[in-house]
Amino acid sequence: MSFFEDIGKRISEAGQGAARKTRDIADSARSSIMISDEEKKINGLYAELGRAYYEKYAAAEDCEFFEAVRSINEANSRIRELRQQDAVRRGMRVCTKCGAALAADSSFCNVCGAPVEAPAAAADEVVGMAPDTDETGAETAYENTAETAAEEHVAAAGEEQSAAADADVKKCHVCGTELAREAAFCKECGARQLS
Ligand SMILES: [Zn+2]
Ligand SMILES: [Zn+2]
């Protein structure tokens with residue numbers, strides 16, 4: 001084999017090798033996408049299982065994973081406190097049961113359905129507690145963002161609706177009051193919403 005033929009052969013072999021490599025890389029990429037899809041599915045199911053377990057034992061005195069249940073309870077009550085402080089700071093009333101901010105005209109909490117009680121304490125009392133939120137600043141910021149978004153929906157529901165905004169609004173199936181799409185309970189009559 002001449003020198004040039006040899007070079008040519010080597011180049012062509014190298015080319016085939018490169019083609020196979022490209023195909024292998026594409027196949028690998030595809031399978032890692034499929035693997036991560038399956039992993040996402042598993043993680044979603046783990047979370048569901050955990051939530052089901054938690055809901056079953058949230059009020060229990062003891063259970064197999066009591067430490068985790070207690071930690072979730074503690075985190076939930078911190079969230080409730082932070083929500084209350086924040087809502088009161090902004091002059092909004094809060095649900096005494098779950099801490100959700102309430103629209104001014106609510107008779108029932110639209111998150112948990114608890115009847116709305118007398119207006120919360122004066123804002124000044126709670127403003128003094130603001131520094132407490134510093135150590136959990138990141139979490140608080142996150143909560144605020146989520147809550148602000150939710151309130152914008154609520155605020156929007158109270159205003160005149162254009163056809164475009166209809167998707168954010170639903171009507172109570174019992175009394176017909178216009179409600180934010182995510183409301184679990186009617187703020188007017190307290191009925192649990194179906195969807
Ligand atoms: Zn509530
Ligand atoms: Zn209603």
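Read-outs: derived from the displayed coordinates by stated rules, not from any lab. All values derive from a computational prediction rather than experimental measurement. With ideal geometry, Cβ positions are generated from the backbone for all residues, glycine too; neighbour counts draw on all protein chains shown.
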Review point. Using a basic spin-label model with each label point 7 Å from the Cα along Cα→Cβ, how many nm lie between ARG30 and ASN76?
Key: 4.5
Practice item. Give me the orientation-averaged projected area of the Cα convex hull of the range 1-117, in nm², one decimal. Key: 15.3
Point to revise | Cross-link partners of LYS171 among lysines (Cα-Cα below 18 Å; sequence separation of 8 or more within a chain) | key: LYS187
Point to revise | Full-stretch length increase - LEU194, GLU5 - with 0.36 nm per residue and alpha-carbon distance subtracted | key: 60.3 nm
Point to revise | Chain lengthening between ASP62 and ASP105 when straightened (0.36 nm per residue, less Cα-Cα) | key: 11.4 nm
Practice item. Order the peptides 47-56, 100-109, 31-40, 167-176 from the highest to the lowest mean number of other Cβ atoms within 10 Å of their residues. Key: 100-109, 167-176, 47-56, 31-40
Review point. Which order results if ILE42, ILE79 are arranged by neighbouring Cβ count within 10 Å, fewest first?
Key: ILE42, ILE79
Review point. Applying 1/(1 + (r/R0)^6) with R0 = 35 Å to the Cβ-Cβ distance of THR22 and GLU48, what FRET efficiency is obtained, to the nearest 0.05?
Key: 0.30
**Study point:** Residue exposure sequence - LEU194, LEU82 - by fewest surrounding Cβ within 10 Å
**Key:** LEU194, LEU82
